[in-house]
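Everything below concerns the one structure shown next.
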Amino acid sequence: MITADRSLFFALLFVCLGPALAAQSSVREFRLGGSAKILSEDCIRLTPATPYVSGSAWFQNPMDLSYPFELTVDLVLGENDELGADGIVFVFHPTMQTGYRGEGMGFAGLYPSLGIEFDTYQNFHLGDPAGDHLAIMPHGQPNHSVSLQGPVPLPNLEDGVRHPLTISWHPGTNTMKITLDNQLRATFTRDIVADIFGGNSKVYWGATAATGRKINFQDVCIRKLVYASLD
Ligand SMILES: [Ca+2]
Ligand SMILES: [Ca+2]
């Protein structure tokens with residue numbers, strides 16, 4: 001299929017990962033770290049409902065941020081609301097590592113990186129608001145004093161159901177859009193390649209999560225991955 005946006009001068013390759021065979025192969029295209037395990041044909045359990053663990057799932061093929069993409073996954077943030085923690089982070093990073101557990105949500109310590117956090121546990125010393133929230137965080141630093149955007153309040157996410165998340169990137173305008181539960185939650189404009197990755201446009205994408213004293217099972221499920229094709 002050809003994108004309608006002719007200013008891009010190249011075609012987008014639409015890789016539609018449906019619920020059947022394509023999805024089964026897709027979870028096997030991720031490198032799992034820490035507590036992460038394949039859960040089903042299309043889902044990876046980043047953390048079980050176990051204290052003090054962190055996990056990561058990285059798509060094994062790096063992406064080039066010089067080109068647009070649109071990634072859609074489902075996030076499942078567990079069933080414990082009041083007693084739940086800590087959240088999931090959608091991360092871009094040059095390697096496929098797992099960061100710190102607990103409030104680090106499996107991304108703390110990853111440098112350089114860009115993380116879009118879906119934080120379900122209030123850590124007062126990090127400036128977390130009381131409710132579940134998203135924020136865009138640089139370099140594996142969970143403190144909101146350095147947030148690039150947010151925290152943006154969200155409804156309770158720890159309800160056991162899938163929350164569709166779409167992250168799109170348009171390098172022509174350096175704009176990232178983040179849609180959760182079919183609502184646009186954040187529009188972020190930044191020269192990510194220059195400002196975050198020091199000019200390196202080839203990074204991996206993945207999801208990380210962690211638990212602490214409080215726990216949740218936390219899953220990422222693959223829906224639809226759309227990348228630019230260089231053909
Ligand atoms: Ca937190
Ligand atoms: Ca919650």
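The values are calculated or read from the model by the stated rules, or taken from the named source; none is laboratory data. Just so it is clear, the structure is predicted and the values come from calculations on it, not from any experiment. Heads up, the Cβs are rebuilt from the backbone with ideal geometry, glycines too, and the neighbour counts pull from every protein chain shown. Only protein heavy atoms, including side chains, enter the accessible area calculation; ligands, DNA and RNA are left aside. Shrake-Rupley method; radii C 1.70, N 1.55, O 1.52, S 1.80 Å.
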Whole-Hz ³J(HN,Hα) for each residue in region 54-61, computed from phi via Karplus 6.51 cos²θ - 1.76 cosθ + 1.60 with θ = phi - 60°, x for glycine and proline: what do you get? 9, x, 9, 9, 10, 5, 6, 9
Amide proton proximity set for Phe69, modelled H, under 5 Å, gap of 5+: Trp169
Count, lysine Cα pairs under 23 Å in the chain, 8 or more residues apart or across chains: 5
Going residue by residue through region 107-119, the Karplus relation 6.51 cos²θ - 1.76 cosθ + 1.60 with θ = phi - 60° gives ³J(HN,Hα) values, rounded to whole Hz and with x marking Gly or Pro, of 10, 4, x, 7, 10, x, 7, 10, x, 10, 8, 10, 9
With no solvent and one equal point scatterer per Cα, compute the Debye intensity ratio I(q)/I(0) for the chain at 0.07, 0.09, 0.10 Å⁻¹ and report its log10, rounded to two decimals. -0.19, -0.32, -0.40
Quick one: accessible area per residue over region 22-228, 1.4 Å probe, rounded to a whole number of Å²? 38 Å²
What are the residues whose amide H is under 5 Å from the amide H of Gln149, where those residues sit 5 or more places off or on another chain and H is modelled from the backbone? Ile136
Can you give the calculated 222 nm mean residue ellipticity of the chain, where each DSSP H run of n ≥ 4 adds -39,500 (n - 2.57) and the sum is split over every residue, rounded to the nearest 500 deg cm²/dmol? -1000 deg cm²/dmol
For the chain, the percent of accessible surface on carbon and sulfur atoms (probe 1.4 angstrom, ligands and nucleic acids excluded) is 53 percent
Rounded to whole Å, sorted largest first: equivalent-ellipsoid semi-axes of region 131-231, Cα gyration tensor: 25, 18, 14
Loop only by DSSP, 16 or fewer other Cβ within 10 Å of the Cβ. Give me the chymotrypsin sites (Phe, Trp or Tyr not before Pro) in region 43-86 that pass, ordered by residue number. Tyr52
Once normalised by the length of the chain, the mean sequence separation of its alpha carbon contacts under 8 Å that are 6 or more apart gives a contact order in percent of 33 percent
Rounded to the nearest 20 debye, what is the charge dipole size of the chain about its Cα centre when +1 sits on each Lys and Arg Cβ and -1 on each Asp and Glu Cβ? 480 debye
Enumerate the calculated ³J(HN,Hα) couplings along region 134-142 in order (Karplus 6.51 cos²θ - 1.76 cosθ + 1.60, θ = phi - 60°), each rounded to whole Hz, writing x wherever the residue is Gly or Pro. 10, 7, 9, 10, x, 6, x, 10, x
If Lys and Arg each add +1 and Asp and Glu each add -1, what is the summed charge of the other residues whose beta carbon sits under 9 Å from the beta carbon of Cys221? -1
I want the local charge near Asp159. Using Cβ-Cβ distances under 12 Å, sum +1 for each Lys or Arg and -1 for each Asp or Glu among the other residues. -4
